[in-house]
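Here the structure is laid out as structure tokens; the discussion comes afterwards.
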Amino acid sequence: MFVGVALLVARGSASAAPTTGNPDVKICDPLADFYLGAEKYPQAIQHHLLVLQRDPQNALAYYHLGFAYGMVGDRQRELDDYQRAVGLGLSNWDLFLNIGLLYMEGGRFDSAKQALQLAVFLAPYRPETHFNLGLLDERLGIYQEAEQQVLLSLSIDPNQDDARNTLGVIYAEQGNYPRAHQEWADLAKARPDYAPARANLAILNRIEHGEIAGPARLSSGFAEVRSP
């Protein structure tokens, strides 16, 4: 079982802040968004709830509120609030990417595919959209499409260790061990501290020596978009 590592784009990592479909609305409320950006999520929840009491049609506030709930582990409330934001007209690429990843996490792959495809449509210039869609396709065994999406992601940003590792996994799962070996060997050479590439090379070596039989399968996490 080859090692797949999630690319964390926003959930617990620095990424593009949530944007709004309305160019005149950039923040919900200065204090509420301060707490969100400072990763003080209970306070962010409290203050965004106050924002929505004053303005129940504030789609961006629902997005931020859902994000904060997700960061304290309430996935259902997170999804509910994201869906409220969509229902109120918010059409951010990162919102749909987050929705797709929640569906993916919950095993709702058809819904995940639709949301991630929409994220790609809205932001084809973002490597995250292609990489996440590629991860889903890999998980579904749609290897040609998975390879295409991961390569598109790498064409936008070649400096993605997780994407390069995932590309090797896609090759290995198709039985193309020479290409997988080359991908991981190059990655391990360029980034000797990147453990998944070394681990996958060791697994592949055992396969090539007949110590492991049968197809290998990605043990992947989820590539996520989260925004402060």
Apart from one, (1) over 27 Å from PHE67 (Cβ atoms); (2) in contact with an Asp or Glu (Cβ under 6 Å, 6 or more places away or on another chain); (3) at pLDDT 95 or above all hold for ASP137; the odd one out is (1)
Across (1) buried (at least 19 other Cβ atoms within 10 Å of the Cβ); (2) free of Cβ contacts under 8 Å to residues at least 60 places away in the same chain, GLY107 clears everything bar (1)
All conditions in (1) at negative phi; (2) not in a helix (DSSP H, G or I); (3) not acidic (Asp, Glu) are true of GLY73 except (1)
When restricted to LEU154, LEU218, the only residue aliphatic (A, V, I, L, M) and at pLDDT 90 or above is LEU154
The residue that is surrounded by the fewest Cβ atoms within 10 Å (Cβ to Cβ), considering only those in the stretch 68-104 that are touching a residue at least 60 places away in the same chain (Cβ under 8 Å) and of a type in the set (Gly, Ala, Ser), is GLY89
Determine whether the stretch 167-176 contains at least one residue that is aromatic (Phe, Trp, Tyr), crowded, with 16+ Cβ neighbours inside 10 Å and under 30 Å from ALA202 (Cα atoms). yes
Selection from the stretch 108-151 of residues in contact with a Ser or Thr (Cβ under 7 Å, 6 or more places away or on another chain) and assigned to a loop (DSSP other than H, G, I, E, B) yields ALA123
Flagged in the stretch 110-119 as surrounded by fewer than 24 Cβ atoms within 10 Å (Cβ to Cβ) and not basic (Lys, Arg), in numbering order, are ASP110, SER111, GLN114, GLN117, LEU118
Selection from the stretch 156-213 of residues β-branched (Val, Ile, Thr) and over 20 Å from the mean Cα position of the chain (by Cα) yields ILE203, ILE207, ILE212
Within the stretch 23-54, residues at pLDDT below 95 and within 13 Å of LEU88 (Cβ to Cβ) come out as VAL25, CYS28
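Yes or no, residue by residue, for (1) in a helix (DSSP H, G or I); (2) among the charged types (D, E, K, R); (3) more than 25 Å from LEU140 (Cα to Cα):
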{"residue": "PRO158", "(1), (2), (3)": "no, no, no"}
{"residue": "TYR171", "(1), (2), (3)": "yes, no, no"}
{"residue": "PRO178", "(1), (2), (3)": "yes, no, no"}
{"residue": "GLN182", "(1), (2), (3)": "yes, no, no"}
{"residue": "ALA185", "(1), (2), (3)": "yes, no, yes"}
{"residue": "ALA197", "(1), (2), (3)": "yes, no, no"}
{"residue": "LEU201", "(1), (2), (3)": "yes, no, no"}
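The values are calculated or read from the model by the stated rules, or taken from the named source; none is laboratory data. Small disclaimer: the values here were computed from a predicted structure and weren't measured. Using ideal geometry, Cβ is built from the backbone for each residue, glycine included, and neighbour counts are taken over all protein chains shown.
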